[in-house]
Amino acid sequence: MGRIQSIQSFSTFDGPGSRCVIFLQGCPMGCIFCHNPESWDLQSGEELDGTTLMRRLERCRPFLHQPGLTISGGEPLMQPGFTLEVIRKAKTSGWHVALDTSGWGPAEVFQRISEACDLVIFSIKHPLTPEKLAPGADHQNILTNLETLAGLKIKVWLRYVLLPGWNAEPDCLAKISVIAKGLPNLERLEVLPFNSLAVDKWRELGKDSPLWRERLPKVSEERIIQAEQQIGWHKSNCSSMGV
Ligand code: SF4
């Protein structure tokens with residue numbers, strides 16, 4: 001059985017093409033900019049077995065050009081057995097499966113689940129001191145899982161939410177560049193702007209974050225382009241691994 005926060009029947013943001021997204025309950029990272037804080041509690045949400053979940057997903061299939069499924073959260077590795085079961089069931093039924101992860105989780109679990117997918121979307125919070133933005137992050141664990149990922153024949157997308165004043169300094173972006181160049185299977189790197197739309201959710205949940213007190217200005221498109229240039233990653237940096 002798994003704990004599901006929600007199912008989004010159509011997304012063009014969470015992987016290639018159009019796809020369904022499952023948001024699983026449970027996340028230990030505690031990111032101070034999280035857009036989905038209601039997903040943190042592993043005991044909340046709807047309890048479903050894998051077969052019932054797949055039956056619901058199949059109802060979305062006619063609306064998708066090619067069936068794509070992204071397993072997100074929360075952190076899907078908080079429910080490793082259920083996540084793996086859903087990935088295998090979906091693959092058997094012909095879905096393209098992506099895992100959307102923060103890189104949290106024991107190395108062997110991370111590897112087993114990543115290997116079962118077609119794509120891993122790895123969201124890096126802070127490349128030098130992640131615990132600054134995500135109090136539940138373990139930097140060494142994240143680096144180990146990135147190393148594991150570099151050795152797999154699975155496509156990888158890196159995502160980086162840019163928070164000026166927190167993780168946009170040149171040393172952070174230089175480290176992102178090093179990480180990107182160390183992933184021969186990297187297909188895409190996305191720098192995304194932080195926005196404060198989740199502030200009301202945090203307030204409703206009685207949670208607090210230093211970001212909401214700071215009132216960070218909106219991150220402009222120019223700032224994103226500048227960050228991408230500082231990272232200096234381009235698809236041509238990748239060697240072809242046939243993934
Ligand atoms: S890893 Fe994702 S779900 Fe978890 S706290 Fe961070 S942003 Fe929120």
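Here are some notes:
- When the charge dipole of the stretch 137-242 is built from unit charges on Cβ atoms (+1 for Lys and Arg, -1 for Asp and Glu) and taken about the Cα centre, the candidate among Trp212, Gly165, Thr148 whose Cα reaches farthest toward its positive end is Thr148.
- Rounded to 5, percent antiparallel among DSSP beta bridges of the chain: 25
- The phi torsions of the stretch 37-49, fed into the Karplus equation with coefficients 6.51, -1.76 and 1.60 and a -60° offset, translate into couplings of x, 6, 8, 5, 6, 5, 8, 8, x, 9, 8, 9, 8 Hz, rounded to whole numbers, with Gly and Pro shown as x.
- The stretch between Met1 and Lys181 holds 61.0 nm of extra length on full extension. This uses 0.36 nm per residue minus the Cα-Cα distance.
- Whole-Hz ³J(HN,Hα) from phi, Karplus 6.51 cos²θ - 1.76 cosθ + 1.60, for the stretch 79-89, glycine and proline x: 10, x, x, 5, 4, 5, 4, 5, 4, 5, 4
- Residues Leu42 and Arg203, FRET efficiency given R0 of 30 Å [Cβ-Cβ distance, rounded to 0.05]: 0.85
- Total lysine pairs under 19 Å (Cα atoms) in the chain, excluding pairs fewer than 8 apart on one chain: 14
- Amide H partners (placed H, <5 Å) of Leu162, local residues excluded: Leu192, Phe194
- Separation of the Arg56 and Lys218 label points, Cα + 7 Å toward Cβ, nm: 3.4
- For the chain: span of alpha carbons on each principal axis (Å, largest first): 47, 46, 33
- Database remark: amide H of Ser6 closer than 5 angstrom to the amide H of Phe23 (H placed geometrically; neighbours at sequence offset of 5 or more, or on other chains; Pro and chain starts carry no H).
- Integer Hz, Karplus 6.51/-1.76/1.60 couplings in order for the stretch 56-72, x for Gly and Pro: 5, 5, 4, 5, 7, 3, x, 8, 10, 4, 10, x, x, 10, 10, 9, 10
- Each of Phe82, Phe33, Ser18 was placed along the dipole of the stretch 2-237 (beta-carbon charges, centred on the mean Cα), and the one lying farthest toward the positive end is Ser18.
- Electrostatic dipole magnitude of the chain [Cβ: Lys, Arg +1; Asp, Glu -1; Cα centre; debye, to 20]: 480
- Residues Thr129 and Glu190, FRET efficiency given R0 of 22 Å [Cβ-Cβ distance, rounded to 0.05]: 0.55
We did not get these values from a lab; they are worked out from the coordinates using the rules stated. The model shown is predicted, which means the values in this text are computed figures rather than measured ones. With ideal geometry, Cβ positions are generated from the backbone for all residues, glycine too; neighbour counts draw on all protein chains shown.
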